[in-house]
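Shown next, in structure tokens, is the structure this report addresses.
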Amino acid sequence: MPDAAANRSLELSQRLYGRLLAAYPRRHRQEYGSAMAQLFRDQCRDAWAAGRTWGLVALWLRTLPDLIKTSLLERFTHLNQWKFMSEKLNLPHRPGRTPVFVFCAVFLVVFVLTLLVTTAITFILPESYAATCRIKVEPENGFNSAFIPGALTNSTSYDPLYVVTAFEVIQSKAVLDSVVARLDLPAKWGKKYFAGKPLTDAACVELLKRRLELQPIRNTKLLAITVYSEDKKECADLANAVAWDYAVYRKESRQAIGRDELDALSRRYQDGEQQISQLQNELEQLRRKFNLSDTPGAEAGLLAKYQGQLVEQKMACQTLAAQFDKLTALDGKHLREVLPTVSPDSLLVDLLGKLNAAEQSYAGLTNDYASSDLHITRVRSSMDILNHQIDDRVDGLMAGLRANLANQREELASLQATVEDLDKTVQINAENTPEKQSYQAKKRHLETLLDFQKLLAAKLEAARLDLEISTTALVQIIDEAQPQNAPARPNKPLNILLGAIFGLLLGGVAGSIAAIIAHRVARPAPKPAAG
């Protein structure tokens, strides 16, 4: 038995053909109408079995010209029972047929036929639904800011290079292969379109690309992912799946790049530790060989003491600066979650616990009471007060961290100046022997390596912290795709309107040509000159 689509298409075609039979004279319809309708029904079934929708379209393209031609001839025959075909075709040019009458007749016939053909094709074309999912795409930042060339800045300016790159990533095999596998499209589409024969993943990807339409929303970071399908639920599922898998791909790519940089920093740190250990051994050998010692005197002791304090101060300042930078990069929600682990505060933890309890109470009350109920109003007011108190406490903690960082930097600058002054004094008082010079050169090189190793350790810790606590999503799904009740294609009102406009233009041209011909044919021949 034919499916629902076949029954609907065949019934619509047969009903439309029955209406078009009104173009024939009444006597002709009474004699041949039933036979013609039966023949067209048989042809429709054969065309659907051979080519489904396109078979019906091909049948209409063959039937309409023949219907127009034969209906016009039958109308001419009905109006005037002339014997010869030439007389039938010259019927519009008989005396009394003015050019205005010919124009109106031809214009009306062409307009009606064009409108009927456009309407028939519009209703025969298969319907397809559309579903759109809107996503917010953030650029890469931090250690992997060069992941996508032309990344957006903090502003909402439109960057064509970034948008085109994002579109290519969305349509890549890395994203669409995941969609095909997760939704089991080879089996579903093979059963739906290829008589149960499973499709390959590559074929499903190409078919999905043809149904996919991507549009940027100017002056924003939003992208629209639209998918077309004959099934309204399927197109919504496909749009949401493409957006979700693109978000997963971006997250995994960022984590992979972060792990690669973390590994590179770790290898560099290990190489630095080996160099420091080797240089320390060389300095120990020089001290034993030449009976050398570190800078003598009170200045030498103070220098060693301050140098140790300087290294510790640098490390503490770098660690605090790295933590503060990561905290300032977080949004308000994530900052509330991370700040207690970096700067423990019992008051903030207590406020967060109260807010969580209030939110749970609010969620339970909304199931039992209306939104305007007094219980819900009180809980909502309590939540607003708690949010305000938490924001104030977070701002106070961040201000304290900022002030602490500024104080440590001032202390570091003062300590650095003191070390430099002491180092100059010790160098002036020290003996300038070749052994001493070599020893001091290696020692300064060791200090340089130690300082660099401290900086590298701070950067390594910052990269590890960024990889662990960074929860900002690069791709956020703003609006999920929902099944639509009305099909997106074809646009029936628009197609019929365009058909009417085209019919007006074509009818005007055809009517003008027919009126010109009728005017010239009906013009009397000039009389011969006298004499």
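The values are calculated or read from the model by the stated rules, or taken from the named source; none is laboratory data. Here the structure is a predicted model, which is why all the values come from computation and not from measurement. Here Cβ is always computed from backbone atoms with ideal geometry, including for glycine, and neighbour counts include all displayed protein chains.
Tabulated data for the structure shown
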item: Residue match in segment 439-458 (condition: assigned by TED's automatic domain parsing to the domain that holds Cys133, touching a residue at least 40 places away in the same chain (Cβ under 8 Å) and within 30 Å of Ala247 (Cβ to Cβ)); result: no
item: Considering residues of segment 350-382 that are among the aliphatic types (A, V, I, L, M) and surrounded by fewer than 11 Cβ atoms within 10 Å (Cβ to Cβ) only, the residue nearest to Arg336 (Cα to Cα); result: Ala363
item: Residue check for Thr53: at pLDDT 80 or above, within 25 Å of Arg8 (Cβ to Cβ), in a helix (DSSP H, G or I) and outside the structural domain of Lys233 (by TED's automatic domain parsing); result: no
item: Qualifying residue in segment 264-282 (condition: in a helix (DSSP H, G or I), assigned by TED's automatic domain parsing to the domain that holds Val175 and within 30 Å of Asp177 (Cβ to Cβ)); result: yes
item: Flag for Glu31 being modelled with pLDDT of 80 or more and outside the structural domain of Tyr193 (by TED's automatic domain parsing); result: yes
item: Odd one out for Glu312 among (1) within 24 Å of Glu138 (Cβ to Cβ); (2) acidic (Asp, Glu); (3) without any contact (Cβ under 8 Å) to a residue 60 or more places away in the chain; result: (1)
item: Residue satisfying all of: in segment 301-322; among the polar types (S, T, N, Q) and either in contact with an Asp or Glu (Cβ under 8 Å, 6 or more places away or on another chain) or at pLDDT below 75 (or both); nearest to Leu412 (Cα to Cα) among these; result: Gln313
item: Selected residue (criterion: farthest from the chain's Cα centre (by Cα)) from residues of segment 216-237 that are farther than 20 Å from Asn491 by Cα and surrounded by fewer than 16 Cβ atoms within 10 Å (Cβ to Cβ); result: Asn219
item: Pair list, Cβ under 6 Å, 6 or more apart: segment 197-209 residue without any contact (Cβ under 8 Å) to a residue 40 or more places away in the chain, other residue in a loop (DSSP other than H, G, I, E, B) and surrounded by 15 or more Cβ atoms within 10 Å (Cβ to Cβ); result: Lys209/Gln171
item: Unmet requirement for Glu252, which otherwise passes all of (1) closer than 23 Å to Lys454 by Cβ; (2) loosely packed, with under 13 Cβ neighbours inside 10 Å; (3) at pLDDT 80 or above; result: (1)
item: Lone unmet requirement of (1) modelled with pLDDT under 90; (2) surrounded by 13 or more Cβ atoms within 10 Å (Cβ to Cβ); (3) in the same structural domain as Ala441 (by TED's automatic domain parsing) for Ala329; result: (3)
item: Any chance Val227 is in a helix (DSSP H, G or I), modelled with pLDDT of 85 or more and touching a helix residue (DSSP H, G or I) at 6+ places or on another chain (Cβ under 8 Å); result: no
item: Restricting segment 15-58 to residues that are among the hydrophobic types (A, V, I, L, M, F, W, C) and in contact (Cβ under 8 Å) with a residue 40 or more places away in the chain, the residue that is nearest to Thr119 (Cα to Cα); result: Leu16
item: Helices (runs of 4 or more DSSP H) enclosed by segment 106-207 - at least 2 residues per element that are at pLDDT 75 or above and among the β-branched types (Val, Ile, Thr); result: 160-170, 173-182
